[in-house]
Amino acid sequence: MVREWHPEAVFVIDRWDLRFSTPGSFDGELRSLLKEVAPVAGRVFFVSQVPVIREDTESNLRELVTWHMKHRKDLPLFYPDSAEPLRKQAVAAAESETKSFSNLSVLRPDLLFYKDDGTIRYESGQAFFYADSNHLSEMGAEEVRSQFRNAIAQAVSGSSRQADIAR
C-alpha cells in the first residue's frame, strides 16, 4: 500500500522495547522495514519511545503520586524500567541508519522526559505528563507537539498542505 501511496511522510512509532529481547536483534528488522518504506516515502521519521516508569502504574499515575505525598510529603522519584537499554538500542540503531537512508530522521521525544539525575520527568507543578507507566497524558503529548509539527512541516515544505499544518 505504501508503494502505491508514496506518502510525503511516514512516522515509525512503536513500543520498541517489546519488539526485541536483546540488544542488536532489532537492527536487522529496522533495516528491513526501512528498505521497504524509505524508497517510496518523502521523509521517514523514527520516533523514540518515551521512558517507561519502573513501578507498575497501570492505574492513574496522579493517584500513586498523591498517595505517596500523603505518606512522605514529597514527590516520588521514578526510574526507567529494566527495558531501558532496549529502548536506547532502538534509538542507536535508527540513528545509525540515517547514514544509509538520507530521508530518515530520528525524533527524540524521550529526551524531554529525563531529569539530569536519570529519573523520569513525569510532572511539572500541577501538570502530569504521564497517565500511567508508559502512556503520556494530554499534557505530556503537548510537551512533544512541536517536534511533530516541525517534522510534518519539514516533510511537506513547498507543498500546498503546508499552510494547513502551520495552524
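Compute the helix-to-body angle for 84-97: its Cα long axis versus the longest principal axis of the chain, expressed 0 to 90° and rounded to tens.
Relative to the chain, helix 84-97 is tipped by roughly 20 degrees.
With the chain treated as a Gaussian network of Cα nodes joined by springs under 10 Å, which of Asp81, Asp116, Asp14 yields the largest mean-square fluctuation?
Answer for the Gaussian network model of the chain: Asp116.
For Cα extents along the principal axes in Å, pick the label among (1) 44, 38, 37; (2) 57, 41, 28; (3) 78, 36, 35 that corresponds to the value derived from the coordinates.
For Cα extents along the principal axes in Å, the calculated option is (2).
Relative to the Cα centre, what is the charge dipole magnitude of the chain, using +1 at the beta carbon of each Lys and Arg, -1 at the beta carbon of each Asp and Glu, and rounding to the nearest 20 debye?
With only Lys, Arg, Asp and Glu charged at Cβ, the dipole is about 380 debye.
Just to check, using Stokes-Einstein with a Kirkwood Rh over alpha carbon pairs, what's the diffusion coefficient of segment 51-131 at 10 °C and 1.306 mPa s in µm²/s?
Answer, rounded: 109 µm²/s.
No value in this document is a laboratory result; all are computed from the given coordinates. The structure displayed is predicted, hence computed values, not measured ones. Cβ: placed from backbone, ideal geometry, glycine included. Neighbour counts: every protein chain shown.
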